[in-house]
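Since the structure comes first, as C-alpha coordinates, the remarks are kept for the end.
The values are calculated or read from the model by the stated rules, or taken from the named source; none is laboratory data. Nothing here was measured: the structure is a model prediction, and the numbers come from that model. With ligands, DNA and RNA removed, areas are computed over all heavy atoms of the protein, side chains included. Shrake-Rupley method; radii C 1.70, N 1.55, O 1.52, S 1.80 Å.
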Amino acid sequence: MKYILIFIYITVFLQASSKFEIELNYQKNYLKILNEQKILLHSLNKKDKPQNLIKKYGFDKIPLTKKNILKRVQPIPKEIMLAQAYLESNNGNSRFAKKGYNYFGIWTYNFKDKGFIPKKREKGKKHRVQKFNSTEEAINKYTEILNSAIFYNKFRNIRKKILEKYNYKYSFKNNDILYMVEGLNKYSEDKNYINKLKSIIKERKYDN
(Lines give C-alpha, C1' and ligand atoms only; values in the text may rest on other atoms or scores of the structure.)
Protein backbone atom coordinates (compact mmCIF):
# COMPACT_ATOMS: atom_id res chain seq x y z
CA MET A 1 0.00 0.00 0.00
CA LYS A 2 2.85 2.35 0.89
CA TYR A 3 4.51 1.87 -2.51
CA ILE A 4 1.22 2.35 -4.35
CA LEU A 5 0.73 5.69 -2.59
CA ILE A 6 4.27 6.74 -3.47
CA PHE A 7 3.64 5.86 -7.14
CA ILE A 8 0.38 7.83 -7.17
CA TYR A 9 2.12 10.81 -5.56
CA ILE A 10 4.94 10.79 -8.12
CA THR A 11 2.48 10.50 -11.03
CA VAL A 12 0.37 13.41 -9.77
CA PHE A 13 3.51 15.46 -9.17
CA LEU A 14 4.71 14.91 -12.73
CA GLN A 15 1.32 15.85 -14.09
CA ALA A 16 1.20 19.04 -12.04
CA SER A 17 4.83 19.99 -12.66
CA SER A 18 4.54 19.55 -16.45
CA LYS A 19 1.43 21.73 -16.61
CA PHE A 20 3.07 24.30 -14.32
CA GLU A 21 6.22 24.44 -16.49
CA ILE A 22 4.20 25.12 -19.62
CA GLU A 23 1.93 27.68 -17.97
CA LEU A 24 4.96 29.41 -16.47
CA ASN A 25 6.47 29.95 -19.92
CA TYR A 26 3.22 30.50 -21.80
CA GLN A 27 2.79 34.17 -20.91
CA LYS A 28 6.36 34.95 -21.91
CA ASN A 29 5.80 33.32 -25.29
CA TYR A 30 2.43 35.07 -25.68
CA LEU A 31 3.97 38.51 -25.14
CA LYS A 32 6.97 37.65 -27.32
CA ILE A 33 4.75 36.79 -30.29
CA LEU A 34 2.63 39.94 -29.93
CA ASN A 35 5.82 42.02 -29.78
CA GLU A 36 7.08 40.33 -32.96
CA GLN A 37 3.72 41.09 -34.58
CA LYS A 38 4.15 44.75 -33.65
CA ILE A 39 7.69 44.87 -35.06
CA LEU A 40 6.60 43.33 -38.36
CA LEU A 41 3.59 45.65 -38.71
CA HIS A 42 5.79 48.70 -38.08
CA SER A 43 8.28 47.49 -40.68
CA LEU A 44 5.74 47.44 -43.53
CA ASN A 45 6.58 50.97 -44.67
CA LYS A 46 10.29 50.76 -43.94
CA LYS A 47 13.18 49.67 -46.13
CA ASP A 48 14.95 47.74 -43.39
CA LYS A 49 13.01 44.62 -42.51
CA PRO A 50 13.59 42.29 -39.52
CA GLN A 51 15.06 39.43 -41.55
CA ASN A 52 15.08 37.03 -38.60
CA LEU A 53 11.30 37.40 -38.16
CA ILE A 54 10.65 37.30 -41.90
CA LYS A 55 12.40 33.94 -42.11
CA LYS A 56 10.86 32.67 -38.86
CA TYR A 57 7.29 33.23 -40.04
CA GLY A 58 7.87 32.28 -43.66
CA PHE A 59 7.53 35.76 -45.15
CA ASP A 60 10.44 34.94 -47.42
CA LYS A 61 7.97 32.65 -49.22
CA ILE A 62 4.74 34.68 -48.99
CA PRO A 63 4.15 38.46 -49.19
CA LEU A 64 4.80 40.51 -46.06
CA THR A 65 1.40 42.20 -45.72
CA LYS A 66 -0.75 43.26 -42.79
CA LYS A 67 -3.24 40.52 -43.63
CA ASN A 68 -0.58 37.81 -43.59
CA ILE A 69 1.06 39.15 -40.43
CA LEU A 70 -2.24 39.11 -38.54
CA LYS A 71 -2.86 35.60 -39.77
CA ARG A 72 0.53 34.11 -38.89
CA VAL A 73 1.99 36.10 -36.01
CA GLN A 74 -0.49 35.21 -33.27
CA PRO A 75 -0.27 33.36 -29.94
CA ILE A 76 -1.55 29.80 -29.69
CA PRO A 77 -4.44 29.51 -27.19
CA LYS A 78 -3.14 28.07 -23.93
CA GLU A 79 -5.89 25.44 -23.81
CA ILE A 80 -4.67 23.97 -27.10
CA MET A 81 -1.03 24.10 -26.07
CA LEU A 82 -1.73 22.29 -22.79
CA ALA A 83 -3.89 19.66 -24.48
CA GLN A 84 -1.27 18.90 -27.11
CA ALA A 85 1.47 18.75 -24.50
CA TYR A 86 -0.63 16.36 -22.43
CA LEU A 87 -1.27 14.07 -25.40
CA GLU A 88 2.12 14.24 -27.14
CA SER A 89 4.21 13.72 -23.99
CA ASN A 90 1.96 11.29 -22.13
CA ASN A 91 1.29 14.06 -19.63
CA GLY A 92 4.97 14.87 -19.25
CA ASN A 93 6.02 11.28 -18.63
CA SER A 94 7.65 10.49 -22.00
CA ARG A 95 11.43 10.23 -22.14
CA PHE A 96 11.44 13.02 -24.74
CA ALA A 97 9.75 15.35 -22.24
CA LYS A 98 11.82 14.26 -19.25
CA LYS A 99 15.20 14.33 -20.99
CA GLY A 100 14.67 16.91 -23.70
CA TYR A 101 11.74 19.17 -22.72
CA ASN A 102 9.95 18.02 -25.88
CA TYR A 103 6.33 18.09 -24.75
CA PHE A 104 4.98 18.46 -28.30
CA GLY A 105 6.40 15.50 -30.23
CA ILE A 106 8.43 17.78 -32.48
CA TRP A 107 10.56 16.00 -35.08
CA THR A 108 13.74 17.24 -36.73
CA TYR A 109 15.59 16.21 -39.88
CA ASN A 110 18.43 18.67 -39.27
CA PHE A 111 21.55 16.78 -38.20
CA LYS A 112 22.72 19.92 -36.37
CA ASP A 113 19.78 19.71 -33.95
CA LYS A 114 20.04 17.61 -30.81
CA GLY A 115 17.60 14.75 -30.85
CA PHE A 116 16.47 11.28 -29.81
CA ILE A 117 16.07 8.32 -32.14
CA PRO A 118 12.57 6.89 -31.55
CA LYS A 119 12.65 3.25 -30.46
CA LYS A 120 9.92 2.36 -32.96
CA ARG A 121 11.26 4.40 -35.87
CA GLU A 122 10.62 2.56 -39.13
CA LYS A 123 13.56 1.24 -41.13
CA GLY A 124 14.78 3.82 -43.62
CA LYS A 125 13.35 6.78 -41.67
CA LYS A 126 15.83 9.46 -40.63
CA HIS A 127 13.81 11.76 -38.39
CA ARG A 128 14.63 12.28 -34.73
CA VAL A 129 12.59 13.70 -31.86
CA GLN A 130 14.15 17.08 -31.15
CA LYS A 131 15.84 17.76 -27.83
CA PHE A 132 15.49 21.20 -26.25
CA ASN A 133 17.40 22.92 -23.49
CA SER A 134 14.31 24.28 -21.74
CA THR A 135 10.52 24.34 -21.76
CA GLU A 136 10.69 27.90 -23.06
CA GLU A 137 12.74 26.81 -26.06
CA ALA A 138 10.31 23.97 -26.81
CA ILE A 139 7.28 26.28 -26.64
CA ASN A 140 8.97 28.80 -28.94
CA LYS A 141 9.61 26.09 -31.53
CA TYR A 142 6.09 24.67 -31.19
CA THR A 143 4.44 28.05 -31.74
CA GLU A 144 6.78 28.83 -34.64
CA ILE A 145 5.74 25.60 -36.37
CA LEU A 146 2.00 26.18 -35.95
CA ASN A 147 2.39 29.77 -37.14
CA SER A 148 4.46 29.09 -40.24
CA ALA A 149 4.31 25.49 -41.51
CA ILE A 150 2.09 24.94 -44.54
CA PHE A 151 0.42 21.94 -42.81
CA TYR A 152 -1.34 24.27 -40.34
CA ASN A 153 -2.78 26.80 -42.77
CA LYS A 154 -6.26 25.53 -41.91
CA PHE A 155 -5.59 26.17 -38.21
CA ARG A 156 -4.42 29.72 -38.96
CA ASN A 157 -7.45 30.41 -41.15
CA ILE A 158 -9.83 29.32 -38.40
CA ARG A 159 -7.94 31.35 -35.77
CA LYS A 160 -7.98 34.46 -37.98
CA LYS A 161 -11.72 34.10 -38.55
CA ILE A 162 -12.34 33.87 -34.80
CA LEU A 163 -10.00 36.78 -33.99
CA GLU A 164 -11.78 38.97 -36.53
CA LYS A 165 -15.10 38.08 -34.92
CA TYR A 166 -13.83 39.40 -31.58
CA ASN A 167 -11.98 42.37 -33.10
CA TYR A 168 -8.65 40.74 -32.18
CA LYS A 169 -9.39 40.48 -28.47
CA TYR A 170 -7.53 37.45 -27.16
CA SER A 171 -10.37 35.89 -25.21
CA PHE A 172 -12.00 32.81 -26.69
CA LYS A 173 -15.12 30.86 -25.81
CA ASN A 174 -15.12 27.09 -25.40
CA ASN A 175 -16.57 26.47 -28.85
CA ASP A 176 -13.93 28.71 -30.44
CA ILE A 177 -11.12 26.64 -28.93
CA LEU A 178 -12.67 23.37 -30.06
CA TYR A 179 -13.22 24.78 -33.55
CA MET A 180 -9.55 25.81 -33.80
CA VAL A 181 -8.47 22.29 -32.83
CA GLU A 182 -10.02 21.02 -36.07
CA GLY A 183 -7.23 22.81 -37.93
CA LEU A 184 -4.62 20.52 -36.38
CA ASN A 185 -5.66 17.41 -38.29
CA LYS A 186 -2.20 17.13 -39.90
CA TYR A 187 -0.29 17.29 -36.62
CA SER A 188 -0.53 13.53 -36.19
CA GLU A 189 -1.15 10.44 -38.33
CA ASP A 190 -3.66 9.29 -35.70
CA LYS A 191 -7.11 9.52 -37.29
CA ASN A 192 -8.65 10.12 -33.86
CA TYR A 193 -6.19 12.88 -32.95
CA ILE A 194 -8.70 15.73 -33.12
CA ASN A 195 -11.28 13.89 -31.02
CA LYS A 196 -8.60 13.03 -28.46
CA LEU A 197 -7.53 16.68 -28.18
CA LYS A 198 -11.13 17.81 -27.77
CA SER A 199 -11.72 15.19 -25.07
CA ILE A 200 -8.60 16.29 -23.18
CA ILE A 201 -9.65 19.94 -23.33
CA LYS A 202 -13.08 19.06 -21.94
CA GLU A 203 -12.00 16.47 -19.36
CA ARG A 204 -8.98 18.40 -18.06
CA LYS A 205 -11.06 21.58 -18.01
CA TYR A 206 -8.53 23.44 -20.14
CA ASP A 207 -11.45 25.23 -21.77
CA ASN A 208 -12.50 27.02 -18.58
Item checked: ³J(HN,Hα), Karplus 6.51/-1.76/1.60, whole Hz, each residue of segment 160-168, x for Gly, Pro -> 4, 4, 6, 4, 5, 4, 9, 6, 6
Next item on the list: Might you work out the accessible area of GLU203 for me, using a 1.4 Å probe with all protein chains in place, and round it to the nearest 10 Å²?
Entry: 140 Å²
Check: Which ³J(HN,Hα) values in Hz, rounded to whole numbers, follow from the phi angles of segment 37-46 under the Karplus curve 6.51 cos²θ - 1.76 cosθ + 1.60, where θ = phi - 60° and Gly and Pro get x?
Finding: 4, 4, 4, 5, 4, 5, 7, 4, 9, 10
Checklist line | Sequence of ARG156, ARG72, ARG95 from largest to smallest accessible area, 1.4 Å probe | finding: ARG95, ARG72, ARG156
Next item on the list: At 1.4 Å probe size, with no ligands or nucleic acids counted, give the accessible surface of LEU82 in Å², nearest ten.
Entry: 10 Å²
Check: Largest first, what is the accessible-area ranking of ASP190, ASP176 with a 1.4 Å probe?
Finding: ASP190, ASP176
Next item on the list: Per residue of segment 140-149, in order, report the coupling 6.51 cos²θ - 1.76 cosθ + 1.60 (Karplus, θ = phi - 60°) as ³J(HN,Hα) in whole Hz, putting x for Gly and Pro.
Entry: 4, 5, 4, 5, 4, 5, 5, 8, 10, 5
Item checked: Fraction of alpha-carbon pairs over 14 Å apart in segment 24-79 - percent -> 52 percent
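Ranked from the most accessible area to the least, with a 1.4 Å probe and all protein chains present, what is the order of SER89, SER199?
On the way: SER89 0, SER199 50 Å².
I get SER199, SER89, largest accessible area first.
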